[in-house]
Amino acid sequence: MTIIHLSDLHFGMPEYVKELGTNVLRKMKEIKPDIIIITGDITNSGYLEDYEEAKEFIDSLESKRKLIVPGNHDARNAGYLLFEEFFKTRYPVMKIGNLKIVGVDSSQPDLDDGHIGRSIYDFVRKELEGFPVKIVVLHHHLIPVPETGRERNIPMDAGDFLKLISQLKVNLVLCGHKHVPWFWKLNGILMINAGTATTRRTKARVEASFNVIKIEEERNIFVERLSSRTFKKELIYNGVI
Ligand SMILES: [Fe+2]
Ligand SMILES: [Fe+2]
């Protein structure tokens, strides 16, 4: 099972780099992933034309399955309504074999701060309980990411949500937002942050990138980060989840 994890495409932003977008499209044709997961900020301002461009790009990504959650930028200017129009739901759920993937909208209109909300916890619990491999997808990071400056946008209820996913024995969390790739392993949960795949809005010498995740024999996981510019690979994680 090959999962591509993209994030922070930011269509409509002057820092969007067409060449990087073209590279990502080209690489998807080569990899042909089983699923592409996009952890939000597909647009820069939530405007209709941003969404139209993002939709066209996402539609041309080569994969049978796509799961997308909104980010804080997508929720701006009532963009969350357009997100639902273009991608049906802000809480996508997918089952592939023994894998269950649940997407959660952690954005709030016109705020950068993350918030999941207690009313969503039951939905997450019901969707994930009983599945051998559980994956949660959201835009905001649940734990601070190094070299990203002052911490300020972690979901306000991150502590409670971490407790919930810990109790549920979630195997993998995928998120974005900070434009800096990183991973943590906490209480048995592997948490992977993707960088920005298609913009020059990066920090220091961090390059635009995306993650290639391979899950085999139920829980063996192999995670690589690929530069969107050079396709240079870096091993992130090789182990069991
Ligand atoms: Fe972003
Ligand atoms: Fe964001």
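FYI, it's all coordinate maths here, none of it is from the lab. The structure displayed is predicted, hence computed values, not measured ones. Virtual Cβ from ideal backbone geometry, glycine too; neighbours counted across all protein chains shown.
For the chain, what does the equivalent ellipsoid look like in terms of its semi-axes, each the square root of 5 times an eigenvalue of the Cα gyration tensor, given largest first in whole Å? Intermediate values should be presented prior to the final figure.
Values: eigenvalues 111, 88, 62 Å².
Equivalent-ellipsoid dimensions as semi-axes: 24, 21, 18 Å.
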Share, in percent, of DSSP beta bridges within region 147-203 that are antiparallel, nearest 5: 55
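How big, on average over all directions, is the shadow cast by the Cα convex hull of region 104-241, in nm²? Can you show the working numbers first?
Values: hull surface 34.8 nm².
About 8.7 nm², averaged over all directions.
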Dipole of the chain [Lys/Arg +1, Asp/Glu -1 at C-beta], most positive-end residue of Leu164, Ser45, Leu9: Leu164
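How much mean residue ellipticity at 222 nm does the chain get from its helices, if each DSSP H run of length 4 or more adds -39500 (n - 2.57) and you divide by all residues, to the nearest 500 deg cm²/dmol? Please list the in-between numbers first.
Working: 5 runs with 53 residues, N = 241.
Mean residue ellipticity, 222 nm, calculated: -6500 deg cm²/dmol.
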For region 20-63, size of Cβ-based charge dipole, Lys and Arg +1, Asp and Glu -1, in debye: 300
Whole-Hz couplings from phi, Karplus 6.51/-1.76/1.60, listed for region 225-241; x for Gly and Pro: 9, 10, 5, 6, 8, 10, 6, 4, 9, 9, 6, 9, 7, 9, x, 10, 10
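Nearest 5 is fine: what % of DSSP beta bridges in region 89-241 come out antiparallel, could you say? Please list the in-between numbers first.
Numbers: 25 of 37 bridges.
Antiparallel bridges make up about 70 percent of those DSSP assigns within region 89-241.
Order these by the 10 Å Cβ neighbour count, fewest first: Thr202, Thr230. Before the final figure, lay out the partial values.
On the way: Thr202 17, Thr230 10.
Exposure proxy ranking, most exposed first: Thr230, Thr202.
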Top positive-direction residue, dipole computed over region 130-241 with Cβ charges, set Gly176, Thr230, Val145: Thr230
Net charge over other residues, Cβ less than 11 angstrom from the Cβ of Asn211 (K, R count +1; D, E count -1): +1
Size of electric dipole in region 2-240: Cβ of Lys, Arg +1 and of Asp, Glu -1, about Cα centre, debye, nearest 20: 760
